[in-house]
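The values are calculated or read from the model by the stated rules, or taken from the named source; none is laboratory data. Only a predicted model underlies this, so the values are computations on that prediction, with no experimental measurement involved. Positions of Cβ are backbone-derived with ideal geometry, glycine not excepted, and every protein chain shown enters the neighbour counts. To get the accessible areas, we keep the full protein, side chains included, count just its heavy atoms, and leave off ligands, DNA and RNA. Shrake-Rupley method; radii C 1.70, N 1.55, O 1.52, S 1.80 Å.
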Amino acid sequence: MANLLSTFFSSPSLVFTVAFLLRAVLLVYGLWQDANSPLKYTDIDYLVFTDAARFTFSPPSLPSPDCCPDPSLLNRLLLGIGSPYDRETYRYTPLLAYLLWPTTPAASASLPGPRVLWASWGKILFAAADLAAGYLLVAVLRRGRNMSGPRALRYVGAIWLLNPMVATISTRGSSEGLLGVLVAALLWAVLKRRVVLAGILLGLGVHFKIYPFIYAPAIVWWMDAERMGRPRRGNINSGAFDKLLHFVTRERLTLTLVSLATFGVLNYVMYTLYGHDFLQHTFLHHVTRIDHRHNFSPYNVLLYLASAAQQSGGFKIESVAFVPQLLLSVVLIPLVGAKKDLAATMLAQTFAFVTFNKVCTSQYFLWYMVFLPLYLPNSSLTRRPRLGLAALGLWVVAQAAWLQHGYELEFLGRSTFVPGLWWASLAFFLVNCWILGLIISDLGTNSTATSSTTTSGAKEVVVPLSSSAPSAEAEYEWGFDWADEHDTTWLTG
Amino acid sequence: MRKRTTFFHHNEDAIDPASLKVSGRTLSGPIIKAVREDRFTLGLDELPAELQELLRLSQELYIRWTSPVPYQAIGPWSSRLSPGLHVFFTPQADTGANVASDDELCLLLRRLGPVDCSSPQKSFSRLPNDRFSHATALEYYQPVYDLTHFVDYAVQYVCASSDAECKTRFDAVKQASSLDFSYDTISHVVKVTALWGRQDQSLSISAPASHRVEVGLLTPNQPPHLEEYEIGVTGLLTVLGEDSKPAPTMFTFPSRHKHAGTGFSSSFLTPTGLHPTMQLNIKSTRPPMEDSACALHALVTLPRTIFADKYQLEDPLFLGSKNLTALRYISQPVDLEAPDYVMDIWGSSVLLELNTPVTETKEGFTADIPLHLRYQAPQHGGESTYGVPYPAVFWACAAEEGTKFPSSPFDRINLGYDGLFGPRTLFWHLDPIAKSGGDRLIIEGKVPVLDLDKSRSINTVTSIVVGIGFAWVIYKLLMVYMRTGYGVAQPVEATEKKKQ
């Protein structure tokens with residue numbers, strides 16, 4: 001059995017074929033279930049996306065005469081396009097609707113092949129994004145952690161590519177897979193020192209879903225002159241001004257400007273076309289939302305109570321909830337961790353952001369899950385399996401307790417808000433904080449860093465354990481393909 | 001002011017015409033089992049000043065109240081509405097006046113009971129204006145199930161303190177099955193109509209000298225060549241003060257609303273949870289017209305506590321599994337997420353076509369309407385109750401080509417659903433039947449809410465727990481920082497050696 005598994009994981013084409021087949025089977029099964037059962041496989045979100053795409057590629061709808069015409073309407077009239085925000089609850093960038101153009105009836109009629117194929121285009125795209133993210137994760141592991149192909153594939157396969165949860169989410173038509181590939185590509189581009197590409201991906205990611213902005217400080221902090229393969233200028237003990245000057249490197253400036261420009265241009269174009277609707281639904285909604293339907297956040301029950309309360313006064317933790325959240329995910333974790341291990345730092349940042357967020361649903365877990373294959377191989381959770389199992393067990397148990405109360409509330413109509421749901425969400429929060437503490441501890445004692453040497457310039461935190469340490473030059477030219485010279489036996493064996 | 005009182009009875013409940021006595025401006029007779037309708041027609045100048053002011057700013061205003069107590073409607077009064085207070089309103093096109101009328105309409109509505117209306121702009125929903133011109137622009141509904149509040153106010157306002165007859169007449173309105181107020185700028189008069197369902201009614205009407213009173217005592221009649229869309233009646237008419245005895249009469253008129261001759265009941269499936277299913281139980285699914293296209297419809301009026309998701313009601317497979325054909329209309333907008341306590345709009349109305357079986361079954365037929373509850377404000381005890389009025393269930397049938405429906409003396413227009421159908425549609429109404437054990441046409445449910453009794457510590461404990469979690473993470477960060485700084489991690493062995 002063990003032999004069979006190791007044979008399986010030593011063949012990337014086999015693992016990716018199985019990952020592909022898993023998604024293909026789920027997709028076809030979903031089509032069957034949708035056609036034959038009133039209970040749908042397809043996620044509601046997918047209907048929102050495809051409706052939004054249909055609205056986008058239809059003539060603009062005119063507002064009721066007594067309402068305020070938006071200047072953006074004129075631009076849409078000129079182009080003859082509608083707005084995705086005509087679909088209620090569409091809370092994403094119009095780019096997503098553009099990507100789903102083939103699902104619109106007009107498009108699928110003009111495209112070759114069966115219509116049902118094009119109607120599932122979004123799911124195919126999201127599933128393909130999963131596979132691409134998996135591909136990039138393997139590349140990051142092999143290069144960044146200098147891990148052997150089969151080992152890298154084993155982690156990425158088990159946690160991401162062959163994880164039924166990940167495959168189900170994307171084939172049901174949830175767009176989180178796109179975020180996964182964007183974030184994986186961002187990390188990959190940074191590690192490959194492709195600064196411009198990283199800037200574009202960062203700007204795009206933030207435009208898509210806001211939260212990737214937390215990665216900006218970590219990447220900037222990581223990207224020091226030494227790391228970027230250039231010798232340190234000036235004296236290390238010089239004054240504050242010199243230090244500042246030293247901090248502002250070409251790469252850091254490039255990354256900042258490119259990401260801001262990407263973000264700015266995208267927002268400008270979208271604002272021109274969709275006006276206030278775009279701002280409201282893509283960004284402001286997440287700040288001002290008042291739908292406090294039960295979710296995993298520790299603040300959930302408190303927010304429900306506060307939203308209905310008339311009186312004010314006293315300390316309100318919910319109004320400063322962003323302080324611990326942003327302090328951890330944007331300032332402290334990147335500061336302490338980014339130079340040690342960028343991937344693990346990004347995991348910890350995302351974990352902190354989701355744990356301390358005012359809203360938390362299970363699709364948010366996918367945001368950090370994409371980093372797990374990069375962190376787990378050298379973590380204390382795998383080094384000490386009992387600790388790892390305890391962490392996983394507590395995470396699952398706290399969630400299950402919450403789900404039990406949620407089920408009783410939602411379907412049986414029992415008032416389980418207090419203590420049930422509330423305690424469960426607080427317990428889940430504490431479990432998450434504990435796990436976050438473990439991840440952070442690992443930043444300081446990461447075994448991958450054992451042979452790290454700070455003298456050799458461009459070398460990553462993780463320096464090859466194997467004999468042939470590539471030079472900075474070689475790293476830049478490092479070919480991104482499977483037939484890596486590191487283990488040529490891998491593909492054949 | 002003019003007043004028309006009509007009694008409508010079954011043939012077998014007829015009384016001897018000789019027992020009717022007309023003396024001066026009074027008509028009296030024995031107790032009769034009948035439906036009674038009182039209609040007052042008033043000029044604008046006969047109205048209170050505040051109402052005159054409001055009507056000057058209105059193009060159309062229909063206020064329709066229906067009792068939650070089931071009643072038997074016979075004769076021409078077959079049209080049904082969900083129990084509660086319905087308002088259909090079109091403001092004057094002049095937008096400057098809108099602002100002024102905003103508050104006044106809601107102010108007026110508050111006289112009718114506990115009405116949670118801030119202004120037509122915020123609280124009313126828009127009716128489609130692209131279909132048929134006879135629908136009003138705005139709609140409002142409030143579950144007001146009792147007219148006591150209004151009657152007490154009206155008695156104070158209208159009746160002189162010594163006028164016992166006036167008080168008695170108004171008190172009777174508390175028992176009315178429906179009360180309608182209608183005004184439009186074309187007729188320029190106000191019609192107020194009260195209806196009492198089939199029950200024992202005393203035949204004793206007197207007319208004050210100030211206005212004309214007409215009394216009709218009618219019963220169904222089937223003359224030859226009566227069309228399916230017509231109603232035939234026969235009976236006695238008396239104009240008090242003019243006639244010395246009742247005059248016999250017989251006439252037919254077209255009616256868009258008829259009795260389907262069957263009934264339905266409605267309830268929630270249990271457990272209701274946060275997603276209750278409203279089940280309609282229809283006794284007989286035999287279409288009322290043999291050779292005409294008929295479809296069974298339900299107009300569901302949903303206070304803002306509860307709503308239907310139009311996107312969920314798009315899939316034919318899903319609809320089919322609930323015995324529904326299609327969602328024909330839903331008022332806009334319907335927020336799919338907002339909690340109840342932050343909303344201004346009254347709620348929503350939903351028109352569904354039901355998928356009746358081709359072959360008739362003995363058990364009747366059920367259709368399920370999936371609904372969703374909003375979050376309610378926290379309460380002591382952790383539970384909040386809500387009520388949804390029975391829907392209006394009717395067959396909509398296409399009348400023959402060329403059929404015209406000139407206004408009938410009894411038909412109501414602007415009921416919320418008539419404007420959603422073509423002008424040649426006939427409505428055959430099903431009688432709502434209260435569920436056994438209940439005597440009201442309201443489906444009640446309980447919604448779980450946050451229990452205020454257990455909520456005192458939420459703020460403190462949440463703050464403490466978040467603080468502990470945050471402190472723990474900070475502590476871990478600090479440990480890492482103390483050991484390795486913010487730079488590249490030191491090898492484990494090296495660190496340990498240093499310690500030694």
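How much solvent-accessible surface does A:Met270 expose, in Å² to the nearest 10, with a 1.4 Å probe and all protein chains in place?
Here the accessible area works out near 10 Å².
So, with +1 on the Cβ of K and R and -1 on the Cβ of D and E, and no other charges, what is the size of the charge dipole of the protein assembly as shown about its Cα centre, to the nearest 20 debye? Walk me through the numbers before you get to the answer.
Details: 82 positive and 85 negative charges, 763 e Å.
Here the size comes out at about 3660 debye.
Just reorder B:Ile464, A:Ile440 by solvent-accessible area, largest first, 1.4 Å probe, all chains present.
The residues order as B:Ile464, A:Ile440, largest area first.
Tell me the Rg and the Dmax, in Å, that the Cα atoms of chain B produce.
Answer for chain B, Rg first and Dmax second: 29.4, 124 Å.
Mind listing which GluC sites (Glu not before Pro) in the range B:348-399 are in a DSSP loop and have 13 or fewer other Cβ atoms within 10 Å?
B:Glu360, B:Glu363
For B:Lys167, give me every one of the lysines with a C-alpha distance below 25 angstrom, ignoring sequence neighbours fewer than eight places off in its own chain.
Counting by Cα, and skipping residues close in sequence, B:Lys167 has these lysines nearby: B:Lys3, B:Lys21, B:Lys33, B:Lys191.
If I model a spin label at B:Glu46 and B:His380 as a point 7 Å from the Cα along the Cα→Cβ vector, what separation in nanometres do I get?
Between B:Glu46 and B:His380, the simple spin-label model gives 4.9 nm.
Mind checking which lysines have their C-alpha under 21 Å from A:Lys358, skipping anything on the same chain fewer than 8 residues away?
Those lysines meeting the cut-off are A:Lys209, A:Lys316.
What nm value, rounded to one decimal, do you get for the distance between B:Ala164 and B:Arg126 when each label is placed 7 Å out toward the C-beta?
5.5 nm
Leaving ligands, DNA and RNA out of it, rank B:Lys476, B:Lys283 by accessible area with a 1.4 Å probe, largest first. Numbers along the way, then the final one.
Values: B:Lys476 40, B:Lys283 130 Å².
My answer, sorted largest first, is B:Lys283, B:Lys476.
Could I have the simple spin-label model distance between A:Asp70 and B:Ser23, label points 7 Å from Cα toward Cβ, reported in nm to one decimal?
Taking the simple label geometry, A:Asp70 and B:Ser23 are separated by 7.6 nm.
Tell me whether the range B:154-217 comes out rounded, prolate or oblate; compute the Cα gyration tensor, take square roots of the eigenvalues as a ≥ b ≥ c, and use a/c under 1.5 as the rounded threshold.
Rounded.
About the Cα centre of the range A:27-136, how large is the charge dipole given +1 on each Lys and Arg Cβ and -1 on each Asp and Glu Cβ? Please answer in debye to the nearest 20.
Value, rounded to 20: 260 debye.
Hey, if you put +1 on the Cβ of every Lys and Arg and -1 on every Asp and Glu Cβ in the range B:1-62, which of B:Leu54, B:Phe40, B:Ile15 ends up farthest toward the positive end of that dipole?
B:Ile15
Nearest 10 degrees, 0 to 90: what angle lies between the long axis of helix B:458-484 and the longest principal axis of chain B (Cα atoms)?
The two axes meet at around 30 degrees.
Quick check: residue separation of A:Arg230 and A:Ala309 times 0.36 nm, minus the Cα distance between them. What number comes out in nm? Working shown, then result.
Working: separation 79, 0.36 × 79 = 28.44 nm, distance 5.79 nm.
Residue separation times 0.36 nm, minus the Cα-Cα distance, leaves 22.6 nm.
Search the structure for amide H atoms under 5 Å from the amide H of B:Arg412, placed 1.01 Å from N in the peptide plane, and list their residues when 5 or more places away or on another chain.
none
Students sometimes get this wrong: rank B:Arg126, B:Arg169 by accessible area, probe 1.4 Å, all chains present, largest first. Please report the intermediate quantities before stating the final value.
On the way: B:Arg126 110, B:Arg169 75 Å².
Largest to smallest exposure gives the sequence B:Arg126, B:Arg169.
Averaged across B:263-274, how many Cβ atoms of other chains sit within 10 Å of each residue's Cβ atom? Please list the in-between numbers first.
On the way: counts 0, 0, 0, 0, 0, 0, 0, 2, 5, 3, 8, 7.
Counting other chains' Cβ atoms within 10 Å and averaging over B:263-274 gives 2.
Name the residue farthest towards the positive end of the dipole of chain B from the options B:Leu477, B:Thr305, B:Ala172, assuming +1 on Cβ of Lys and Arg, -1 on Cβ of Asp and Glu, about the Cα centre.
Of the options given, the answer is B:Leu477.
So what's the back-of-envelope 222 nm ellipticity for chain B, counting only DSSP H runs of four-plus at -39500 (n - 2.57) apiece and dividing by all residues, rounded to 500?
Calculated from helices alone, the mean residue ellipticity at 222 nm is -5500 deg cm²/dmol.
A:Leu326 to B:Met343: FRET efficiency via 1/(1 + (r/R0)^6), r the Cβ-Cβ distance, R0 25 Å, to the nearest 0.05?
Efficiency at R0 = 25 Å is approximately 0.20.
Kindly report, to the nearest 10 Å², the accessible surface of B:His275 as traced by a 1.4 Å probe over protein heavy atoms only.
The accessible area comes out at roughly 60 Å².
For the peptides A:333-340, A:302-309, what is the packing order when you average, over each peptide's residues, the other Cβ atoms within 10 Å and list the highest mean first?
A:333-340, A:302-309
Assuming R0 = 30 Å, can you tell me the calculated FRET efficiency for the pair B:Arg212 and B:Arg110, based on Cβ-Cβ distance, to the nearest 0.05?
My answer for the efficiency is 0.35.
Count, for each residue of A:30-38, the Cβ atoms from other chains sitting within 10 Å of its Cβ, then give me the mean as a whole number.
Mean number of neighbouring Cβ atoms from other chains: 2.
If a/c stays under 1.5 just call it rounded; otherwise compare a/b with b/c (prolate if a/b is bigger, oblate if not). Do that for the range A:134-181, with a ≥ b ≥ c from the square roots of the Cα gyration tensor eigenvalues.
Cα axes put the range A:134-181 in the oblate bin.
Looking only at other chains, what is the average number of their beta-carbon atoms within 10 angstrom of each beta-carbon in A:335-343?
4
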